[in-house]
Each structure stands twice: as C-alpha cells, then as structure tokens.
Amino acid sequence: MSADGVVRPAVSAPRVIVRGATDADRPAWDAFVASRPEGDPLQAWAWGELTAGSGERPHRVVAVRPDGRPAGLAQALVRATGAGRSVAYVPHGPLWEREAPDAEAILTALLDGLRQAGRDERAIVVKLDPRSARPGDDDALRAALRRSGLRPARHDLQARTTRIVDLTGGTEAMWARWESDARNGVRRAAKEGVTTLVDRAGDPAALAVLTELHAQTAQRAAFRGRPAAFLADAARSFAPSGGWYAVQAVLDGRPIAAMGLLRVGDRGFYLWGGSLRDTSLGGARGSYAALAAAIEALATDGCRTLDMWGVVDAADEASDPGAAGYSRFKRKFGGAPLRHPGTFDLVVAPGWYLLRDLRERLRGG
C-alpha cells in the first residue's frame with residue numbers, strides 16, 4: 001500500500017503475487033515471521049508501528065501463493081530526506097521461503113514489489129539486509145542478492161555478526177556451554193545477594209528501571225539509546241503476545257542492571273541493556289545475573305535460541321573498538337557465531353542515487 005493509501009497493481013511471479021499488505025494481513029504476516037528461522041522483531045508488524053515516533057513509517061508488501069498463504073514479505077521503513085525524496089529501509093528483510101523450489105522467483109517478485117513501493121514513495125533507494133538463517137549461509141545469500149541485481153551498500157545498517165545461544169537441554173546443559181567467567185559471574189552475583197526480577201507484562205515500574213539504566217549506559221558509552229517512549233511502545237506492542245521481557249538485577253533493593261528482550265516464535269532477542277556504574281557495588285556482577293535470568297526465562301517459555309544481537313568476534317575487535325567490551329561480555333555466554341551478508345541497495349532513482357553516493361564519498365564515508 002502506498003503513502004496515499006492506494007493498493008497498487010499486484011506484481012506477479014510464476015507462483016506468487018506481490019501486493020501491498022493491509023491490516024487484515026497482520027495475523028498471517030506475524031505468523032510467517034515467526035515461522036522463518038531468520039525472522040526477527042524488525043520484520044514483525046508491531047516494529048513498523050513503533051518507528052512512527054522516530055520519523056519513519058512502514059510500507060509493507062507481501063508475496064502470496066494462489067491459496068493466499070504468504071511466501072515472502074518485506075516491511076520497508078520510509079524516511080524523508082529532503083527535496084521531496086525519501087529513503088526506504090527493510091531491516092533484516094525481506095523474508096521469503098528460501099528452501100522453496102521457486103525461491104528465486106519469490107525474491108525477484110518481492111524486489112519488483114519493493115521497487116514499485118520505492119517509486120510510490122519517491123525513494124532514492126530501498127536498502128535491504130536479509131539475515132542469515134544459520135552459520136555459513138552468508139556467502140550463498142550474498143551471491144543470491146548480487147544475482148538479483150542488488151548493489152552492496154557503502155555502509156551496513158545492522159551489525160554484521162552476532163551469536164546464537166542454544167537454550168535447549170535444561171539449565172545444567174546451558175550452563176555447561178557458557179565460559180567459566182560467565183558461570184563464576186552468576187555465582188558471584190548470588191553470593192553478593194543479587195536477586196533478579198523478570199517482567200513479561202510491560203509493568204511500568206520495570207519499564208522505568210530499564211529506561212533509566214539504558215539511558216545512563218548510552219550516555220556513559222556514547223551510543224544512541226532508545227528513548228523512553230520507544231521502549232514503552234515496544235512493551236505495549238509485544239507484551240500481549242508474550243514477546244516482551246524486562247529483566248532486572250537488584251542489590252539491597254536497588255536495581256543495578258536491566259535488559260530488554262523480545263521474542264518472535266521460538267527465538268529470543270537481546271536488544272537493550274544497561275547497568276549502574278558505582279564503586280560501592282564491588283563484585284556484584286549484576287549484568288551476569290540479569291542475562292542468566294533472561295536466558296532461564298526464555299528457555300522456560302519454550303524459546304530454543306537467544307540472539308545476542310550484535311557480537312564482534314575476538315579476531316575482528318580492532319575493526320570496531322566500540323563494540324569490544326559488550327562483545328566480550330556476550331561471548332562469555334557461548335553461542336554459535338552467525339554472520340549476515342550485510343546491507344544491499346535496490347536503486348530506484350539512479351540519478352539521485354549517484355548524487356547521494358557522491359555526497360557520502362565526499363564526507364569520507
């Protein structure tokens with residue numbers, strides 16, 4: 001559906017039709033995202049609603065089979081750039097049935113639909129960064145995107161690497177897969193008297209703790225955190241379906257660490273966190289306690305994996321020094337490295353795209 005509310009003519013592939021998605025598609029949309037191993041919160045319908053407060057709006061297209069079942073989808077977030085133009089971004093998408101015999105046709109149809117969406121939105125470019133489903137997928141996925149005529153973008157918009165932690169087998173099995181530093185940190189936290197709380201309902205008090213510690217940490221570490229309104233909207237959007245977790249570690253009645261996680265299908269995602277920096281805390285290890293509690297809660301609720309959401313491998317730390325500290329912490333909880341193919345550009349307006357690219361190069365990008 002375009003910005004003016006008009007559903008454009010459908011784009012056909014041999015066995016799918018791509019069209020604008022409407023509110024009636026939401027249940028099937030979210031079920032498809034949950035069913036895909038590479039699906040995550042950024043392509044959930046609710047995520048598109050969340051971005052409105054940050055100056056973006058969703059433009060959704062869906063590829064459907066003759067019987068109406070989704071075979072693929074893409075949620076593009078559209079942001080105005082000036083001169084009557086915009087840029088569209090499909091975070092961790094599109095999603096499609098990569099294992100289907102007509103997978104390439106589905107992708108082609110989705111890209112055609114996104115190209116039309118870009119024209120409707122007067123977009124210069126539609127940026128995409130579909131994620132890998134499992135380790136080793138990135139090369140084949142990158143090749144498929146290149147064959148489809150996409151260009152590697154000058155900059156990635158999401159972390160290229162992450163870690164996927166196995167939550168199966170019970171508590172003892174999970175602990176055995178952690179590094180000894182993680183196990184010792186959790187034990188030390190318990191010895192110091194740290195307790196944990198897990199909120200799944202979007203409780204305002206738990207949300208306030210997460211918001212405050214996240215803001216403090218963002219300021220201290222000089223990264224852009226999510227504002228309070230965004231986190232509140234995330235809780236409101238994901239909690240009703242069991243997709244929201246706010247975890248806090250508490251020492252002597254004082255919150256010392258907090259984490260915000262989302263769930264899609266049988267997968268958890270560690271998106272936000274924060275901790276108190278205070279010399280009086282000594283060796284309380286609040287972050288260790290909070291992450292262990294989050295892992296236990298997700299596993300108890302039937303999640304099979306936890307995506308640590310951006311973890312630089314030890315060998316790559318020099319390429320992103322700012323990520324070294326939190327990456328070392330996350331790696332202590334184990335997990336298999338997962339590398340994504342990166343961001344690709346679907347050029348909609350070639351002349352404007354060249355001007356934009358020139359500007360980025362002149363800025364040293």
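Quick check on segment 193-202: of everything there that is surrounded by 17 or more Cβ atoms within 10 Å (Cβ to Cβ) and not small (Gly, Ala, Ser), which residue is nearest to the chain's Cα centre (by Cα)?
This residue is ARG200.
Looking at segment 49-72 only, could you name the residues that are buried (at least 17 other Cβ atoms within 10 Å of the Cβ) and under 18 Å from GLY242 (Cα atoms)?
LEU50
Check whether at least one residue in segment 344-356 is among the basic types (Lys, Arg) and either touching a Leu at 6+ places or on another chain (Cβ under 7 Å) or in a loop (DSSP other than H, G, I, E, B) (or both), and report yes or no.
Checked segment 344-356: no residue is among the basic types (Lys, Arg) and either touching a Leu at 6+ places or on another chain (Cβ under 7 Å) or in a loop (DSSP other than H, G, I, E, B) (or both).
Here's a check for you: in segment 203-213, which residue that is in a helix (DSSP H, G or I) and not hydrophobic (A, V, I, L, M, F, W, C) is surrounded by the fewest Cβ atoms within 10 Å (Cβ to Cβ)?
Selected residue: PRO204.
State whether the residues of segment 92-109 include one that is charged (D, E, K, R), free of Cβ contacts under 8 Å to residues at least 24 places away in the same chain and part of a loop (DSSP other than H, G, I, E, B).
So far as segment 92-109 goes, yes, one or more of its residues are charged (D, E, K, R), free of Cβ contacts under 8 Å to residues at least 24 places away in the same chain and part of a loop (DSSP other than H, G, I, E, B).
Quickly run through segment 136-147 and pick out the residues that are crowded, with 16+ Cβ neighbours inside 10 Å and under 22 Å from TYR353 (Cα atoms).
ARG142, LEU145
In segment 179-194, what residues are part of a helix (DSSP H, G or I) and out of contact with any helix residue (DSSP H, G or I) (no Cβ under 8 Å at 6 or more places or on another chain)?
Hits for segment 179-194 are SER180, ASP181, ASN184, ARG187, LYS191.
With the condition kept exactly as written, say whether any residue in segment 200-213 is more than 27 Å from LEU42 (Cα to Cα) and of a type outside the set (Gly, Ala, Ser).
Within segment 200-213 (the criterion being more than 27 Å from LEU42 (Cα to Cα) and of a type outside the set (Gly, Ala, Ser)), the answer is no, since none of the residues qualifies.
ALA159: among the aliphatic types (A, V, I, L, M) and at pLDDT below 95, yes or no?
Yes: the conditions hold for ALA159.
Determine which member of the set GLY48, GLY5, GLY39 is assigned to a loop (DSSP other than H, G, I, E, B), of a type outside the set (Asp, Glu) and modelled with pLDDT of 95 or more.
GLY39
Give ASP112, ASP139 a once-over and let me know the one that is closer than 22 Å to ALA21 by Cβ and not in a loop (DSSP other than H, G, I, E, B).
ASP112
The values are calculated or read from the model by the stated rules, or taken from the named source; none is laboratory data. None of the values given here were measured: they were computed from a predicted structure. All Cβ positions, even for glycine, are placed from backbone atoms using ideal geometry, and neighbour counts span all protein chains on display.
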